[in-house]
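**Q** Take a look at the following structure, please.
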Amino acid sequence: MANLLKHIALKPGIKKAAIMFVVICIGFCCLFVLLDKLFPLPIDRLSYSTVVESSDGSVLSAYLSKDDKWRIKIEQKDTPDGLKKAFLFKEDKHFYHHFGINPIAAVRALFQDILRRKVVSGASTITMQVARMLSPESRTFTHKFKEMFRALQLERHYSKEQILEMYFNLLPYGGNVEGIKAASIIYLHKEPINLSTAEIAMLMIVPNNPNHYKLGINNPKIIAARNKWLERFSTAHLFPEKAIQQGLTEPLSAKRAEIPRIAPHLCNLLYSKMKDQAYIKTNIDFNGQKRAQQIIAEYMHKLTMWNITNAATIIIRNKDHAVLSYVGSADFNDFEHQGQVDGANALRSPGSALKPFLYAIAFDKGLVTPKSILYDVPTNFNGYQPQDYDRTYRGKVSVEDALLNSLNVPAVSLLSKMDLASYINVLENGGCHSLTKQEKKLGLSLVLGGCGIKLQELAGLYVALANDGKYSPLRFTKNEPDIRTVQIFSGDASFMISHILTEMVRYDVPANMDDAMHFPKIAWKTGTSYGHHDGWCVGYDDKYTVAVWVGNFNDAESPELNGAACAVPLMTQIFNTLSMYNDFNWLKFPPHLGTRWVCAETGKVPNNWCTNQVIDYYIPGISSTETCDHMQMVYTDPKEKYSYCKSCLPKAGYVEKLYHSYSSEMINYFDMYHIPYKKVPEHNPDCPRVYKDKLLTIQSPVNGTEYILMKKESNNIMLKCNAGNDVSMIYWYINDKFYEKTKPEKSIFFTPDNKRENQDQQGDVSRRIGKYFRFHNC
């Protein structure tokens, strides 16, 4: 045998033929590589529909591909083994054993086509079918050779599994539906992984002639062809016999349906940012989302009688900031009431919903504690005079009562003592990026809702309170990168705010609550915009945060629209679907937070005269340790007609008396509402001392404000100020000239000199007057 081989090898003819064969093969390979470079595969033309999925992989929504096809990409993990077996059995039994072209089948088909003088048998492998679907052309010999070349390219650049995946994604099912997954969702309303044997057989035969086998129209023809293939599967023992027998009797109810539209506002929002992705995998809880949409839709029927037509909500899992539900309106398809507007992403006035963050900052700055006393009295802040929602004033209130009852004046007063820019900065660090463009327009009214903010931004701030003051951006999708956490409040301040907001004795507990027993054990805050255009409520515990907005997208107001009556019931109904039987054990006492006794009159550290004391929280080393001064010892004559200071104290004939030390704001409040109080006697008129420790504050006119004096009209301007408890007379001076004297509680009016200074052609005069006023007190 060895001699024979040696003899054959030495034959020059055979050697020459072998060399020629090798050269030809190398030439073909080089030519193929060159053509592969010159004519690359048209894979870049292949685009997929963008599918938005919930956390469990269910389809929330989908969008057409760039070529307007419903072509939903099926991934290997979603492809059932039965689907692969069926298609390989029917289309290409040797798929895993050839290089894109089946030579035996190709030769056989070539002879058949030559005899018939037309293409009657293509011998197409699955790879060749993919090549044809990537570049559809008429069936000719030229195009067949081009198809073979493309098949070789596919085999060179992609694995068998990748080619099979492309095949399943390109199969035509009539109209603009392509691919197994699109057909499964649109016609069978299920994921491919859940297909039965009969449904696999049905999806296998339709692509051969989608115009003949029209799903939903020619179902009887499809059933007949399906059953023939099921019998072939049985003969080949491809599937269990039981599955085959069940498939033969299985009805076909395939009918084209619309793509799901769950959480449409969120899907549109994400799609606008990620159009090129085949899948957007969200954190949405599929069942929870549908439940939230249903609750809002049903709830809005109750509010239509009040001319309130829309609502939005967002539900967040606090531990990872994942958005579990996102409802932008009551009905996305309600064009009459602008249902396609995204209420969770729209700028609206938040009303009082921003107040908790002001108090949290004040706690961290040591300005106040929960029992600190603030003044709810008429106050002018450089021309801005806020009022409470019921247009009444309550005098002295604690911080916790001011927050629970959402009082406006104490909040504005506290903000005026802080740096407005620092308050804005904390809100922006907490995700309220909408405020950045509004900064130049923001003022003290910010804390009352004098700004535009988004529901999702507001929710993010409350999530920070639930997470010990730590803020991280909301996570809408699973693959969002981890972003550095920002500590915007201390854990101590967050606890104190949360503890206050869990109280149930408050104004915004709705009187129409069906069952107070079912009110969730949460911290919560409401907000109502000026003019009753928006109602808000945000509730949270350690696990979830639920934010709700109620209103009209056309900005129509409704007298009944407010956070307490409209937003609270909706928020509690949604929250009860999450954790109805929770308790307040979720609110953990911080290890470094302290408790102390304080005077109930001021919220300060008590002295010997403080008989009414309460327990208060405080932050050691931060909270103020100022001693209470609500009482003062005053030297008076025996009849308490005059008071003395150390400069004029007589050697004898005086007594010591305790008097309340009221601020000028409270004295003005008492006088305005005729509330009796014990005044400190008038100071000794013969005292040589000039007082500088208790300055007056002018309420009107407002310093720095321009007053327009109109021709032929009355131009009276009020003079009013706040004075201390021991001030008995006010002397008014205008431009260094004495004008009039009056009691501290009285207001007077004067008419400015209407000389034509800087007068325009219409005869109007603009003068800056506030800064010229002087005062003197005795």
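**Q** Semi-axes of the equivalent ellipsoid of region 119-229: what are they in whole Å, largest first, if each equals the square root of 5 times a C-alpha gyration tensor eigenvalue?
**A** Semi-axis lengths for region 119-229 are 26, 17, 12 Å.
**Q** While we're here: Match the structure shown to one of the listed values (1) -0.33, -0.62; (2) -0.28, -0.55; (3) -0.47, -0.72 of log10 I(q)/I(0) by the Debye sum over Cα atoms at q = 0.05, 0.07 Å⁻¹, computed from it, and give that label.
**A** It is the value labelled (3).
**Q** Taking the Cα centre of the chain as the origin and placing charges on Cβ (Lys, Arg +1; Asp, Glu -1), which of PRO192, PHE749, SER728 is farthest toward the positive end of the dipole?
**A** Checking the options against the dipole of the chain, the answer is PRO192.
**Q** Under a point-charge model restricted to the Cβ atoms of Lys and Arg (+1) and Asp and Glu (-1), what is the dipole moment magnitude of region 403-534 relative to its Cα centre, in debye to the nearest 20?
**A** Using only the charged Cβ atoms, the result is roughly 320 debye.
**Q** Run the numbers for VAL614 and VAL509: contour at 0.36 nm per residue of separation, minus the present Cα-Cα distance, in nm. Walk me through the numbers before you get to the answer.
**A** Working: separation 105, 0.36 × 105 = 37.80 nm, distance 2.53 nm.
So the chain would gain 35.3 nm between VAL614 and VAL509.
**Q** Please state the charge dipole magnitude for the chain, taken about the Cα centre, from unit charges on C-beta atoms (+1 on K and R, -1 on D and E), reported in debye and rounded to the nearest 20.
**A** Values: 91 positive and 79 negative charges, 723 e Å.
The dipole magnitude comes to about 3480 debye.
**Q** Once fully extended, how much extra length lies between THR751 and SER272, figured as 0.36 nm per residue of separation less the alpha-carbon to alpha-carbon distance?
**A** Fully extending the segment from THR751 to SER272 adds 166.4 nm.
**Q** Could you compute the FRET efficiency for GLN387 and ASN287, with r as their C-beta to C-beta distance and R0 at 41 Å, rounded to 0.05?
**A** 0.35
**Q** Suppose we take every Cα in region 447-505 and form the convex hull; what volume per residue is that in Å³?
**A** 118 Å³
**Q** Using 7 Å Cα-to-Cβ label points, what is the ASN429/ILE193 separation (nm, one decimal)?
**A** The answer from the label model is 4.3 nm.
**Q** As an exercise, use a Förster radius of 41 Å and the Cβ-Cβ distance of MET305 and ASN585 to find the FRET efficiency, rounded to the nearest 0.05. Walk me through the numbers on the way to the answer.
**A** Working: r = 40 Å, r/R0 = 0.97.
Computed FRET efficiency for MET305 and ASN585: 0.55.
**Q** Using 0.36 nm per residue, how much length does the chain from LYS85 to ASP334 gain when fully extended, once their Cα-Cα distance is taken away?
**A** Details: separation 249, 0.36 × 249 = 89.64 nm, distance 4.61 nm.
Net length gain for the segment: 85.0 nm.
**Q** Compute the FRET efficiency between ASP44 and GLU706 as 1/(1 + (r/R0)^6), taking r as their Cβ-Cβ distance and R0 = 56 Å, and round to the nearest 0.05.
**A** 0.30
**Q** With a sphere of radius 15 Å drawn around the Cβ of THR197, what net charge do the other residues whose Cβ falls strictly inside it have (Lys, Arg +1; Asp, Glu -1)?
**A** Values: positive: LYS84, LYS85, LYS90, LYS190, ARG226, LYS228, ARG232, LYS242; negative: ASP81, GLU199, GLU231, GLU241, GLU250.
Net charge in that neighbourhood comes out at +3.
**Q** Further question on the same structure: Carbon and sulfur together cover what percent of the accessible area of the chain at a 1.4 Å probe radius?
**A** Values: 20900 of 39130 Å².
Within the chain, the accessible surface is 53 percent carbon and sulfur.
**Q** Would you work out if region 177-238 is rounded, prolate or oblate? Take a ≥ b ≥ c from the square roots of the eigenvalues of the alpha-carbon gyration tensor; rounded if a/c is under 1.5, else prolate when a/b is larger than b/c, oblate otherwise.
**A** Cα axes put region 177-238 in the oblate bin.
**Q** May I ask you to derive the relative contact order of the chain, considering only C-alpha pairs under 8 Å and at least 6 residues apart, and to give it as an integer percent?
**A** 9 percent
**Q** If the viscosity is 0.692 mPa s and the temperature 37 °C, what translational diffusion coefficient in µm²/s does Stokes-Einstein give for region 443-586 when Rh comes from Kirkwood over Cα pairs? Each step should come with its number before you reach the end.
**A** Numbers: Rh = 16.2 Å.
Using the Kirkwood radius from Cα pairs, D works out to 203 µm²/s.
**Q** Kindly provide the pair-distance distribution of region 352-484 built from C-alpha pairs, with 5 Å bins from 0 and whole-percent values in order of increasing distance.
**A** Spelled out per bin, shortest first, that is 2, 10, 20, 22, 20, 13, 8, 3, 2, 1, 0.
**Q** Using the Cα centre of the chain as origin and beta-carbon charges of +1 (Lys, Arg) and -1 (Asp, Glu), tell me which of TYR393, ILE223, THR627 is placed farthest towards the positive end of the dipole.
**A** Toward the positive end, the furthest listed residue is ILE223.
**Q** While we're here: Separation between the GLU560 and CYS30 pseudo-spin-labels, each 7 Å from Cα along Cα→Cβ, expressed in nm?
**A** Taking the two extended label points, one gets 8.8 nm.
**Q** Kirkwood Rh, region 302-424, all Cα pairs: how many Å?
**A** Evaluated on region 302-424, it is 17.3 Å.
The values are calculated or read from the model by the stated rules, or taken from the named source; none is laboratory data. In this text the structure is predicted, and so the values were computed from the model without any measurement. Reconstructed Cβ throughout: ideal geometry from the backbone, glycine too, with neighbour counts over all protein chains shown. Heads up: the accessible areas ignore ligands, DNA and RNA and are worked out on the full protein's heavy atoms, side chains in. Shrake-Rupley method; radii C 1.70, N 1.55, O 1.52, S 1.80 Å.
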